[in-house]
Each structure stands twice: as C-alpha cells, then as structure tokens.
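A short worksheet on the structure shown next.
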Amino acid sequence: MQLVSGRTAQAFNLRKKRKEAFWEDRYHATAVETNHHLVACMTYIDLNMVRAGVVAHPSGWQVGGYTEMPASREGNSITDYGALMGLLSIDSVVTLRELREKWVAEALARGEVGREGKWTESVAVGSADFVRTIRTKLGSRAKGRRISGMEDNYTLREPQELLGVKS
C-alpha cells in the first residue's frame with residue numbers, strides 16, 4: 001500500500017506541478033466484514049478522488065482501482081479479483097464491474113462523497129459479532145479501543161488522542 005500510495009502521489013504532483021502533501025494521513029488498515037460492509041468500503045475508496053475534488057466521477061481517475069478492473073480474471077492488476085468475487089459471491093468480472101458501477105452511481109446520487117470516520121478512524125467495521133471478534137483477536141492491542149454502533153453497523157475505533165483529536 002505504501003508503494004502504491006507513494007507512486008500515485010508522485011505521479012499526480014508531477015503532472016499538476018504541485019509540491020504539497022497529497023494524502024491527508026498515512027495508510028491505516030481497517031478490518032471489514034465481507035458483506036454489505038465490504039461493498040460500502042469499496043465504494044468509499046472508489047470515491048476518494050471525487051472526495052478530494054480531483055474528478056467528478058471515479059472513472060476520471062485513470063490510476064485508481066475503479067478503472068483498474070480488467071476485462072477478465074487474467075488481466076494484470078493489483079487487486080485479486082477472483083478472491084474479491086468469492087468474498088462477494090459474484091461469479092464474473094463483468095457482473096462485478098456492473099455492480100461496482102451501480103454502487104458508485106447510487107452513492108453519487110445520494111450525495112455520499114463526504115469523509116466518513118468509520119472508514120478512516122476505525123480498526124474494524126461490521127456486525128457487532130464481527131467487531132467483537134476482531135477486538136478479541138487484537139488482545140492487548142485493543143486497549144482503549146471502543147466498540148460503538150447500532151443495528152448491523154458497528155465499529156472498533158482508535159482512541160481519539162491517537163488520532164490527534166482532543167476530547
């Protein structure tokens with residue numbers, strides 16, 4: 001991820017003749033349950049450059065994951081689309097591409113392009129059981145991290161002071 005994000009930032013800054021920081025924060029991993037939470041996470045990531053004001057639609061960002069999807073499983077790509085399709089119970093790249101286009105279009109139509117803390121500040125996102133399992137697996141590394149949420153939308157968050165936020 002560090003290599004990909006670094007190269008992306010360098011290419012954009014070179015093309016736009018910029019020297020400013022490209023990414024808001026450093027890379028941060030979040031465990032995501034493999035159901036509608038994974039779909040929401042993928043859509044959120046696809047909209048990163050829209051959120052940054054660089055493009056109006058993810059298809060306008062040629063080096064992003066949205067445009068990286070190959071025509072078949074054999075294409076060269078960063079993402080293991082076979083594994084992704086298995087996680088989402090989708091049987092073809094064509095279907096995945098069509099669904100991804102639909103998910104992005106729906107998010108754009110709803111105006112869901114703002115920053116969401118659950119994706120940028122959480123250690124885990126999913127059902128209550130999933131988030132509790134991740135917290136248990138983290139053991140002592142989960143100290144100070146709190147589970148919050150309702151219905152089927154829970155997060156395990158970093159303590160705010162680690163994020164530079166004062167209570």
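Where a number appears in this text, it was derived from the coordinates with a stated rule and is not lab data. The shown structure was predicted, so the numbers you read here are calculated from the model rather than taken from an experiment. Every residue, glycine among them, receives a Cβ derived from its backbone with ideal geometry; neighbour counts consider all protein chains shown.
List of remarks:
- Shape class of the stretch 83-143 from the alpha-carbon gyration tensor: oblate, with a/c at 1.5 or above and b/c at least as large as a/b.
- Tensor-based shape of the chain (alpha-carbon gyration tensor, a/c under 1.5 rounded, otherwise prolate or oblate): oblate
- Most mobile listed residue (K17, K102, K143) in the chain, GNM with C-alpha springs under 10 Å: K17
- Here the stretch 105-151 is treated with +1 on each Lys and Arg Cβ and -1 on each Asp and Glu Cβ, and its dipole about the Cα centre works out to around 460 debye.
- Chain lengthening between T34 and S5 when straightened (0.36 nm per residue, less Cα-Cα): 8.1 nm
- In this Cβ point-charge picture (+1 for Lys and Arg, -1 for Asp and Glu), the chain has a dipole of about 780 debye about its Cα centre.
- Charge-dipole axis of the stretch 32-115 as Lys and Arg at +1 and Asp and Glu at -1 on Cβ define it, positive-most pick from Q62, T43, A109: A109
- Loop sites in the stretch 51-137: GluC sites (Glu not before Pro), DSSP, at most 16 other Cβ within 10 Å: E74, E112, E116
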